[in-house]
Amino acid sequence: MTKFPLKELLQIILYPALFLLTCWGIFFLDEVYHLQVSEWGISPRTVKGLKGILFSPLIHGNLDHILSNSLPVLILGSLIFYFYKPIAWASIIWMWLISGLWLWVGGRNNEDGTMYHIGASSLIYAFASFIFFSGVFRKRKQLMVISALVILLYGSITWAIFPFDLSISWEGHLSGLLAGLLVAYNYRKEGPQAQPFVWEEEDDDDDTPIDSTDDTSPEQEQSPPALDPFTITYTFVPKPPEKKDEL
C-alpha cells in the first residue's frame, strides 16, 4: 500500500491551516481586548462596509461560530489545493472577492447601516460549490467522486441559502454558492481535465500481417503469370489425286 507523503500532506493543508490560525488569533484577541472586530464585517451598501469584503471571512461572533466553520474550511480548502493546485490561488481569491461583493450589494441591513455580516461560511459554500461543479464540468471520474463526497458531507447546508433562519447570513451562503459556481465554470478548461477515451487494440496471433505497401489484390497474387505472345502459322498442303487401277 502506497503511503501518502507527509510533505505533500503538509503542503495541502498549509494555507487552509494558516487561514484558520489567523481566524482563531483574531477571535481570541477580540475576546480578550474587546476590539469590536465585527465592525470590520460587511455592512451592505455602505462605504464603511466595503472593507468587509476583504476582512469579513476572518471574523467570527462566538466560539460556536468559529468551531462550526473550522473543519469545513480545512477539509474543503485542502481538497482544492490537492485536486486543483494550478488554479487554487486564483480560484480562491476570485471566490473571496465575488462572494463578498455580492453580499455587500444584496445583503440585509438596518436603516442606520449597523448590521454586519461576518464569518467564513460564505467561503465554505463557495468552496463546496466550486469542488462540486468543477467535477461536473470536467466529467472526470476522480473529480466527480469528490463532488459526490462533498454532497454527501455538506449537502444539508444547501437549506441555509434560503431565508428560513434570519439569525444567519443566508445571503452570504447564497452569494458564496453562486461565486463557486461562476468560478468553476470560468476555470473549467484549466487545471485537471478528463482523459480522452482510447480504444485498446486486441492482439490476435492468428492474424496474418498485411503489407500496406503492396497494392496487389489476393486475386492477382493467385493468378498464373502471363505468357509471352507467339504466332502460329498454318500451311495448306493439297491432297494428291488418287490413282485408278487400269484393267
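The values are calculated or read from the model by the stated rules, or taken from the named source; none is laboratory data. As the structure is a computational prediction, the values presented were derived from the model and not from experiment. Positions of Cβ are generated from backbone atoms using ideal geometry, with glycine treated the same way; all protein chains shown enter the neighbour counts.
Points to keep in mind about this one:
- Residues satisfying the stated conditions in the stretch 60-76, i.e. part of a helix (DSSP H, G or I) and in contact with a Phe, Trp or Tyr (Cβ under 6 Å, 6 or more places away or on another chain): Ile66, Leu76
- Residue in the stretch 49-59 that is in a helix (DSSP H, G or I), of a type in the set (D, E, K, R) and either within 19 Å of Ala88 (Cβ to Cβ) or more than 33 Å from the chain's Cα centre (by Cα) (or both) present: no
- Looking across Ser70, Ser56, Ser99, one residue alone is touching a residue at least 24 places away in the same chain (Cβ under 8 Å) and in contact with a strand residue (DSSP E or B) (Cβ under 6 Å, 6 or more places away or on another chain). It is Ser56.
- Ile93 being surrounded by 14 or more Cβ atoms within 10 Å (Cβ to Cβ), at pLDDT 95 or above and at negative phi: no
- Residue selected from the stretch 137-176 under the condition modelled with pLDDT of 90 or more and β-branched (Val, Ile, Thr), by the criterion farthest from the chain's Cα centre (by Cα): Ile168
- Only listed residue being among the β-branched types (Val, Ile, Thr), in contact (Cβ under 8 Å) with a residue 40 or more places away in the chain and over 12 Å from Ile80 (Cα atoms), chosen from Ile146, Ile118, Ile161, Ile157: Ile118
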